[in-house]
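Since every read-out is calculated from the coordinates, none of them should be taken as a lab result. Every value quoted in this text rests on a predicted model; they were computed, and no experiment measured them. Because the Cβ atoms are built from the backbone with ideal geometry, glycine has one as well, and the counts that use them run over all protein chains shown.
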């Protein structure tokens with residue numbers, strides 16, 4: 001395995017570990033069952049990806065970045081704690097950005113490995129990342145819509161009837 005491909009595979013391995021810890025830190029903070037289930041499924045898929053790369057590195061006698069796991073744990077937790085204050089919509093947006101970064105690397109690797117035994121796995125993992133990115137993007141939009149609907153409903157409830165422009169106009173006409 002050449003150095004360029006190995007460097008990209010290590011980068012993917014590092015990002016997979018970062019994502020695992022980032023998403024896990026969010027699981028304990030949310031009471032939304034759909035959000036939690038999705039993050040759980042994303043974490044499970046990312047763990048399978050990381051395990052595959054760990055085995056691949058072992059088979060080719062490539063040093064596994066050991067410090068990466070602890071850095072990913074710390075970084076994932078710090079990012080997770082900072083983002084959880086901003087809400088689930090931003091958690092999804094950060095996740096979407098991370099998934100897109102991974103998609104770029106996977107796309108490069110797929111192109112570079114068209115005649116490789118890695119091709120099927122890389123395509124499988126790229127598809128997983130595409131589904132993760134799409135779900136996170138969609139759910140962020142859903143949360144934004146829910147928030148705007150709730151805000152609109154609250155404004156309607158809090159507005160007094162007398163202050164409503166339509167009521168004032170109708171009263172003046174009568």
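With a simple spin-label model that places each label point 7 Å from the Cα along the Cα-to-Cβ direction, the separation between residue 59 and residue 29 comes to 3.7 nm. Cβ crowding within 10 Å ranks 126, 144 as 144, 126, fewest other Cβ atoms first. Look at 136, 66 and count the other Cβ atoms within 10 Å of each Cβ; fewest to most, that gives 66, 136. With R₀ fixed at 45 Å, the C-beta to C-beta distance from residue 144 to residue 111 puts the FRET efficiency at about 0.85. Placing R0 at 35 angstrom, the Cβ-Cβ distance between residue 89 and residue 2 gives a FRET efficiency of 0.25 after rounding to 0.05.
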